[in-house]
1. On a 0 to 90 degree scale, rounded to 10, what angle separates helix 99-109 from the longest Cα axis of the chain?
2. How would you rank 138-150, 45-57, 98-110, 230-242, highest first, on the average number of other Cβ atoms within 10 Å across their residues?
3. Cα centroid distance between segment 103-174 and segment 36-77, in Å?
4. Give the carbon-plus-sulfur fraction of the accessible surface of segment 122-196 in %, rounded to a whole number; probe 1.4 Å, heavy atoms of protein chains only.
5. Calculate the spin-label point distance for residue 170 paired with residue 188, positioning each point 7 Å from the Cα along the beta-carbon direction, and give it in nanometres.
6. Counting only protein heavy atoms and using a 1.4 Å probe, what share of the accessible area of segment 208-291 belongs to carbon plus sulfur, as a whole percent?
7. Report for the chain the percent antiparallel among DSSP-assigned beta bridges with both residues inside it, nearest 5.
8. Rank these residues by their accessible area, most exposed first, probe 1.4 Å: 124, 38.
Amino acid sequence: TVACQSLMPRVCAQRGVRTAAMGWVRALSSGDVTERMLQAVVADGVATLTLMDNKKRNALSSQMMAALKETIQGYEQDTAVKVVVIRHDGKVFSSGHDLKEINLQQTTTGTTEPVFSLCSSLMLAIRQARFPVIAEVGGLATAGGCQLVAACDLAVAADTATFSTPGVKIGLFCTTPGVALARALPAKHAMEMLLTGDALTAQQAKEYGLINKVVAPDELRSQTAALAHKVAQAPAETIKIGKKAFYQQSSIADLGAAYSYAQQVMVDNMCIPDAKEGVAAFVDKRAPKWL
């Protein structure tokens, strides 16, 4: 178990692990107190980001969203990172947007556009990342928190986790979470969540397609890590090509055009060194040596 923590990025050479408990902080009214909001640890090709703002139930405040976005985008050029896991400390994965912050913005500036724009850019950063992003959910994921799960490429949840988009109950329809839900769930299941605000159990979320796997709470860390490390065994360039192509072809309405796009991707994919090595290794009946 890696336990390197810091407010600034540093190298834990003695453990062979780079860590960046990215110290995004916020000033509190009671005397410039700072809180660590996001911890990041990179080991064995997997970057694990832990939401740490328990006092606000890991709300997606502007600071939290900026921290997540900047960290994920910062890994784009980091060859040590092949998979990202987003997990949480405490009982709540994320309670969604910080409603106090939203209310303050609305009453003082007359618009909440900056908050929702930042949220959309975070979700797009996850989708556009060259690496898969996996959500590890051990508790409540509601509103924007549920959106965050839906935006991830894969998700593993404890059987105690719940998922909901309850904005309709306070007069603020979960419209932006609906974008991610509509791309992860069948339309009628997504609409039922959005219109009723009712929570899904982890098992229901799996049946509907929101998450991939349901496990016992004491197995959540190990099961998510096993999935992440399995994915990280593949060549990074191949994963980058495959993730981008999967979402691109799924957005093409015409089936023939989708196949035309996908076949060209495979033609180009075959030209990269890792593909040549992998195919040659299969033919030669040996293990591939990725570059």
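1. 70
2. Details: 138-150: 26.6, 45-57: 20.5, 98-110: 12.9, 230-242: 16.0.
Put in order of decreasing packing, that is 138-150, 45-57, 230-242, 98-110.
3. 14
4. Values: 1720 of 2700 Å².
On segment 122-196, the fraction of accessible area on carbon and sulfur atoms equals 64 percent.
5. For residue 188 paired with residue 170, the spin-label model returns 3.1 nm.
6. On the way: 3460 of 5660 Å².
Whole-percent figure for carbon plus sulfur exposure: 61.
7. On the way: 14 of 36 bridges.
Restricted to the chain, the bridges split so that about 40 percent are antiparallel.
8. Working: 124 90, 38 0 Å².
Largest to smallest exposure gives the sequence 124, 38.
The values are calculated or read from the model by the stated rules, or taken from the named source; none is laboratory data. Bear in mind that the values here come from a model prediction, so they are computed numbers and not experimental data. A quick note on method: Cβ atoms are made from the backbone with ideal geometry, for glycine too, and the neighbour counts reach across all protein chains shown. Just the protein is used for accessible areas: all its heavy atoms, side chains included, with ligands, DNA and RNA removed. Shrake-Rupley method; radii C 1.70, N 1.55, O 1.52, S 1.80 Å.
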